[in-house]
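> Just passing along the structure, written as structure tokens.
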Amino acid sequence: MSRTHKPKLAVWKFASCDGCQLSLLDCEDELLAFAEVIQIANFPEASRAVIQGKYDISLVEGSITTSHDAERIHKIRRQSKILITIGACATSGGIQALRNFTDVSRYTSIVYANPSYISTLNKSTPIRDHVYVDFELHGCPINKYQLIEVCSALLHGRAPITPSHSVCMECKRKGNVCVMVAHQTPCLGPVTHAGCDALCPSYNRGCFGCYGPKETPQTSSLAKKWKEIGATNDDIVRAFRGFYSYAEPFRKESEAYEEE
Amino acid sequence: METKNQKQRILPAGEFNVFLKALHEAGYETIGPTLQDRAIVYDKISSTSDLPVGWSDEQSAGFYRVYRTESPLLFDYNVGPHSWKKYLHLPNLLLWKAKTNGGGFSFIEDDKSVGKQAFLGVRACEVAAIRKQDKIFLESEFIDSAYKKRRENTFIIAVNCTKAGANCFCTSMNTGPYAHSGFDLALTEIIDGNRHFFFVEIGSATAEIVMNKMPELELASRHDSTLVQNNMREVSYAMGKSIETTDIQRLFYDNYDSNIWEEIANRCMNCANCTMVCPTCFCTTVEDVTNLTGTEAERWRRWDSCFTMDFSYIHGGSVRPSGSNRFRHWITHKFATWHDQFDESGCVGCGRCITWCPVGIDVTKEIKSLQKSKATV
């Protein structure tokens, strides 16, 4: 990226909880350095002062759940040189993609007093299903250090280091004892994308799969092992139907156990 | 009268703290087995109370459990998830750091000095694993300075196994259960009637310096030596697993296209746990990071694994895109091409890859399947 001017950054929100864009504000110590090299031009969560586009970098949080949003994302793409999706919602449809496994009216009729006011799509879909995405940063929420890493890599013209191998490698490099082998705790680590520095297993919890499927995930082998250590079909469906329920490998695995 | 070997001595178990103190006085930080998170892992040791006395372990494919025993033994267990490579070939290592200055940049020296470390409880298979990594990092054309710095400051106290684990096959790989060389001191823990002692073998001049820091130990008798020999024989017979290593290289080269690899790939999650726990796996990746302002850069080296896509990524994609490719590559290197590369096997038979594979893939079983499939061709 040319360094003759400060790149302009915009942060956009779709169906999401705001946790990922908050990760940018969470940077605290690094925030001043961030503002020094990047012009935070459009970030309503941080400031009402909005500088009009075009933008060099757009960070997009959230999934597409309404026809209005399905239009809006195209406008954002047109204003953005580089579009980066941040978090499980934007990269896979998020927790709200649970609707994709049923009829959305089943949810709206329970949640809202007057469901007739709700205008929503039947499916929650990732940004990539609608526009070209330059880079996807995983996590629910994303890791703020990875966000800084992606931005500094972009600024300095190098590849970001966000490896897509298993969480297990993070565990082993830290010296964690495997919770599945030593405690028989069901863990999604072997099929989950690294990035959290093995947060849950470091506290003797099984991985919840917050970073979605890793590269070439072998989910069926893991699910079989889960059953051996006492998980029920329901447990397996629920585990794969979390933050990344609509990511294909997780979706297929949950469907396999739902059908049984 | 029997002539006694000056290099074989007796350390009463009750005096073990005196020995640990001697190590400390000789300037070593001692690292040894400790009980943490329901497993026996390597960490700092300052007295015998840090050792998992009264604990043992049970292992099978994809399974590990520690349990309480009534035994007074200090080393009544087999190898756990950690290996000594985490102290010699660090999982994360800062290679260098640089800073911009004016028009150029300058390196910031990493002056982190390496202290003297004593590894307590190095099993025979682990001594062999360290020797294999020595060969890679110290005895080839290119010397790994980071490894060398740590290795030169390491004092190895081998502990011969007094029981065999269910996933152990060191006898097949000719690495154990008895450490014949490659240590500074070797201990064999013996209970003989009401005597509980360590049969000590002195293996280096450095060890003499440590021994001089404590009251002189009595010389071992022929009876003591016999007890050690008997123990080794029993442990060898009790070995949990075995593999037939005759023609093992051919076995892999002839079965490159075997259907077995696809079948294994249905189970293998390519999660890389086997390579991370393997005491000989040495592959790393190098990462360059910059700060946001571009004024500082760091180069890190981290443990990598041939089970990742990035490992073999070149222009156009990964050389080994499928799980079957990657498993075949790993096991073939370990048992066959390692011979071509380093004139020996890459496996020491510690069984860690079997225990710590979350789905319990057992290399000894897979090798037997290959041998069987070959026999029927």
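Each reported figure results from applying straightforward, stated rules to the coordinates on display, with no laboratory input. Small disclaimer: the values here were computed from a predicted structure and weren't measured. Cβ sites come from the backbone with ideal geometry, for glycine too, and all protein chains shown count toward neighbours.
> Return the sequence-ordered ³J(HN,Hα) values of the range B:203-218 in whole Hz as given by the Karplus equation 6.51 cos²θ - 1.76 cosθ + 1.60 applied to θ = phi - 60°, using x for Gly and Pro.
x, 7, 5, 4, 5, 4, 4, 5, 5, 6, 7, 10, x, 4, 8, 5
> Okay, moving on. If Lys and Arg each add +1 and Asp and Glu each add -1, what is the summed charge of the other residues whose beta carbon sits under 14 Å from the beta carbon of B:L187?
-4
> Determine the shape class of the range B:179-327: with a ≥ b ≥ c the square roots of the Cα gyration tensor eigenvalues, call it rounded for a/c under 1.5, and otherwise prolate if a/b is greater than b/c, oblate otherwise.
oblate
> Give a residue-ordered list of calculated ³J(HN,Hα) values for the range B:322-329 (Karplus: 6.51 cos²θ - 1.76 cosθ + 1.60, θ = phi - 60°; whole Hz; x for Gly, Pro).
These are the phi-based 3J(HN,Hα) values: 9, x, 5, 4, 6, 5, 4, 4 Hz.
> Take the Cβ-Cβ distance between B:Q249 and B:I191 as r, set R0 to 45 Å, and report the resulting FRET efficiency rounded to the nearest 0.05.
It comes to 0.60.
> Suppose R0 equals 60 Å; then what is the FRET efficiency for B:R302 and B:T3 from their Cβ-Cβ distance, rounded to the nearest 0.05?
Efficiency for this residue pair is about 0.70.
> Under a crude label model (7 Å from the Cα following the beta-carbon direction), how far is A:D18 from B:Y67 in nanometres?
5.4
> On to the next question. What order do you get for B:176-182, A:90-96 when each peptide is scored by the mean count of other beta carbon atoms within 10 Å, highest first?
A:90-96, B:176-182
> A:C207's amide H: which non-local residues (gap 5+, or another chain) put their own amide H closer than 5 Å, with H modeled 1.01 Å from N in plane and none for Pro or chain starts?
A:L188, A:G189
> Most mobile of B:F16, B:F105, B:F197 per a Gaussian network model of chain B (Cα springs, under 10 Å)?
Taking springs between Cα atoms under 10 Å, the residue moving most is B:F105.
> Using C-alpha positions alone, give me the convex hull volume of the range A:167-259 per residue in cubic angstrom.
80
> Turning to a different aspect of this structure: Just to be sure I understand: with springs between alpha-carbon atoms less than 10 Å apart, which residue in A:P201, A:P115, A:P186 has the highest mean-square fluctuation in the Gaussian network model of chain A?
A:P115
> Under a point-charge model restricted to the Cβ atoms of Lys and Arg (+1) and Asp and Glu (-1), what is the dipole moment magnitude of chain B relative to its Cα centre, in debye to the nearest 20?
Here the size comes out at about 400 debye.
> Rounded to whole Å, give me the distance from the Cα center of the range B:243-257 to that of the range B:314-336.
After rounding, the separation between the Cα centres reads 17 Å.
> May I ask for the distance between the Cα centers of the range A:126-164 and the range B:40-57, given as a whole number of Å?
Cα centres, the range A:126-164 to the range B:40-57: 43 Å.
> Taking one equal scatterer on every alpha-carbon of the range A:22-70, how large is log10 of I(q)/I(0) by Debye at q = 0.29 1/Å?
The Debye formula, applied to the Cα set alone, gives -1.27.
> Tilt of helix A:67-79 relative to the longest C-alpha principal axis of chain A, in degrees (0 to 90, nearest 10)?
Once rounded, one gets 50 degrees.
> For the range A:50-113, run through the chymotrypsin sites (Phe, Trp or Tyr not before Pro) and keep only the ones in DSSP coil with at most 11 other Cβ atoms within 10 Å of their Cβ.
Passing both the DSSP loop test and the Cβ count: A:Y112.
> How about the range B:24-77: which chymotrypsin sites (Phe, Trp or Tyr not before Pro) there lie in a loop by DSSP and see at most 12 other Cβ atoms within 10 Å?
Taking the range B:24-77 and a limit of 12 other Cβ atoms within 10 Å, no loop chymotrypsin sites (Phe, Trp or Tyr not before Pro) are found.
> Roughly how compact is the range A:8-155, stated as its Cα Rg over 2.2 N^0.38 Å to two decimals?
With N residues counted in the range A:8-155, Rg over 2.2 N^0.38 Å equals 1.08.
> Per residue of chain B, what 222 nm ellipticity follows from adding -39500 (n - 2.57) for every DSSP H run with n ≥ 4, rounded to the nearest 500?
For chain B, the value works out to -8000 deg cm²/dmol.
> Residue by residue, what Karplus-based ³J(HN,Hα) values in Hz, rounded to whole numbers, does the range B:13-21 have, using 6.51, -1.76 and 1.60 with θ = phi - 60° and x for Gly and Pro?
Taking θ as phi minus 60°, the curve returns 4, x, 9, 4, 5, 5, 5, 4, 5 Hz for the range B:13-21.
> Are there trypsin sites (Lys or Arg not before Pro) in the range A:188-257 that DSSP marks as loop and that have at most 11 other Cβ atoms within 10 Å, and which are they?
On the way: sites: A:R205, A:K214, A:K224, A:K225, A:K227, A:R238, A:R241, A:R251, A:K252; in loops: A:R205, A:K214, A:R241.
Filter output for the range A:188-257: empty list.
> Over chain B, consider all pairs of different Cα atoms and compute the Kirkwood hydrodynamic radius from their mean reciprocal separation; express it in Å, one decimal. Walk me through the numbers on the way to the answer.
Working: mean 1/r = 0.0444 Å⁻¹.
Across chain B, the inverse of the average 1/r is 22.5 Å.
> Right, next: Could you size up the charge dipole of the range B:210-304 around its Cα centre, putting +1 on the beta carbon of Lys and Arg and -1 on that of Asp and Glu, and report it in debye to the nearest 20? Working shown, then result.
On the way: 9 positive and 15 negative charges, 63 e Å.
About 300 debye.
> Please work out the Kirkwood hydrodynamic radius for the protein assembly as shown, using every pair of different C-alpha atoms, and report it in angstroms with one decimal place.
One decimal place: 27.3 Å for the Kirkwood radius.
> So which residue, out of B:S236, B:S324, B:S106, gets the largest mean-square fluctuation from a GNM of chain B using Cα contacts under 10 Å as springs?
The residue that fluctuates most here is B:S106.
> In Å, the Kirkwood hydrodynamic radius of the range A:98-227 over pairs of distinct alpha carbons?
Answer for the range A:98-227: a Kirkwood hydrodynamic radius of 17.3 Å.
> Computed FRET efficiency, Cβ-Cβ of A:V111 and B:T100, R0 51 Å: what is it to the nearest 0.05?
For A:V111 and B:T100, the calculated efficiency is 0.40.
> Specify, per residue and in Å³, the volume enclosed by the convex hull of the alpha carbon atoms belonging to the range B:1-76.
156
> Of A:P213, A:S254, A:G175, which is farthest along the charge dipole of the range A:167-259 in the positive direction, counting Lys and Arg as +1 and Asp and Glu as -1 at C-beta?
Of the listed residues, the answer is A:G175.
> Where does the range B:218-285 land on Rg/Rh, using Cα atoms and the Kirkwood Rh? Show your work: numbers first, answer last.
Details: Rg = 20.2 Å, Rh = 16.9 Å.
In the range B:218-285, Rg relative to Rh is 1.20.
> In a shell of Cβ-Cβ distance under 14 Å around A:Y203, excluding A:Y203 itself, what net charge do Lys and Arg (+1) and Asp and Glu (-1) give?
0
> Size of the dipole of chain A about the Cα centre, Lys and Arg at +1 and Asp and Glu at -1 on the beta carbon, nothing else charged, in debye to 20? Don't jump to the answer; show the numbers that get you there.
Working: 29 positive and 28 negative charges, 102 e Å.
For chain A, the charge dipole is close to 480 debye.
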